[in-house]
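Single-structure report; data block below.
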Amino acid sequence: MIKQVIIGEFKLETESTRKLLNAIPDDVLTYRPQPNLWSIAELASHIAETYNWYEGTFNQDEFDMATYKYDKGDISKTAHIVAKFEENVAKATQVLDGFQEVSLMNQWTMKMGDNILMPPMPKYNVIRGFLFNHLYHHRGQLVSLLRVNGCKVPVMYGNTADSK
């Protein structure tokens, strides 16, 4: 039953993420609010990459960032970022289809080599926090950056100022 709830939220929120990524005009991709912060393209790439973490979260009890291969792809065009997003969503969907609900209470941890980045916690908490809430946080950042650049934002949870 919990598996179906997770899959339902995944499908709903993936569609919202898709709409948001597709709303990014190419001419704002290099916008960076401060020199030390990600550009819109880098933030969008990170959002797309989040879907590539499903294998390491659902099918492993330990995620070692020291061995993880981050592939942001070509971030020079929105279409390239969306293509990477779609590739990662397809992989995440396969993971969701195959995971066993009984594993949701397994202890999971994130490390970087010998350094613990996230202490052991139930895998369900990691799915909610590391995969879902983390994604929503970055989508909110992206919405703000699009607004600052005068871009329209798609409807995700009801009407927006752009849909009225």
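The values are calculated or read from the model by the stated rules, or taken from the named source; none is laboratory data. Nothing here was measured: the structure is a model prediction, and the numbers come from that model. Cβ: placed from backbone, ideal geometry, glycine included. Neighbour counts: every protein chain shown.
Quick notes
- Verdict on Leu20 being closer than 30 Å to Asn159 by Cβ and outside any loop (DSSP other than H, G, I, E, B): yes
- Whichever residue in the stretch 119-133 is more than 14 Å from Glu9 (Cα to Cα) and assigned to a helix (DSSP H, G or I) and, among such residues, is modelled with the lowest pLDDT: Phe130
- Checking each residue in the stretch 81-100 for being of a type outside the set (A, V, I, L, M), at pLDDT 95 or above and surrounded by fewer than 19 Cβ atoms within 10 Å (Cβ to Cβ) picks out Glu86, Glu87, Lys91, Thr93, Gln94, Asp97, Gly98.
For (1) polar (S, T, N, Q); (2) in contact with a Pro (Cβ under 7 Å, 6 or more places away or on another chain); (3) not in a helix (DSSP H, G or I), each residue gets a yes or a no:
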position: His46; (1), (2), (3): no, no, no
position: Asn52; (1), (2), (3): yes, no, no
position: Phe63; (1), (2), (3): no, no, yes
position: Tyr70; (1), (2), (3): no, no, yes
position: Leu117; (1), (2), (3): no, no, yes
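- Checking each residue in the stretch 29-43 for being of a type in the set (Val, Ile, Thr) and touching a residue at least 60 places away in the same chain (Cβ under 8 Å) picks out only Ile40.
- Extreme residue, nearest to the chain's Cα centre (by Cα), among residues of the stretch 15-57 that are among the polar types (S, T, N, Q) and surrounded by fewer than 16 Cβ atoms within 10 Å (Cβ to Cβ): Asn22
- Inside the stretch 60-80, residues that are in contact with a helix residue (DSSP H, G or I) (Cβ under 6 Å, 6 or more places away or on another chain), among the basic types (Lys, Arg) and modelled with pLDDT under 95 make up a count of 1.
- Contacts under 8 angstrom Cβ, first residue in the stretch 119-142 being over 21 Å from Lys19 (Cα atoms), partner surrounded by fewer than 17 Cβ atoms within 10 Å (Cβ to Cβ) and among the charged types (D, E, K, R), 6 or more apart: Lys123/Asp61
- Qualifying residue in the stretch 104-122 (condition: small (Gly, Ala, Ser), more than 18 Å from the chain's Cα centre (by Cα) and farther than 24 Å from Ala44 by Cα): yes
- Restricting the first member to the stretch 90-110 and to residues that are free of Cβ contacts under 8 Å to residues at least 12 places away in the same chain, and the second to residues that are surrounded by 12 or more Cβ atoms within 10 Å (Cβ to Cβ) and of a type in the set (Asp, Glu), the beta-carbon pairs closer than 9 Å and six or more apart or on different chains are Gln94/Glu55.
- For first residues located in the stretch 1-28 and within 14 Å of Ile40 (Cα to Cα) and of a type in the set (A, V, I, L, M), partners that are at pLDDT 95 or above and not in a helix (DSSP H, G or I) and lie 6+ apart or on another chain with Cβ distances below 7 Å form the pairs Ala23/Cys151; Val28/Asn149; Val28/Cys151.
- Hey, Tyr136 loosely packed, with under 12 Cβ neighbours inside 10 Å and either among the aromatic types (Phe, Trp, Tyr) or touching a His at 6+ places or on another chain (Cβ under 9 Å) (or both) or not: no
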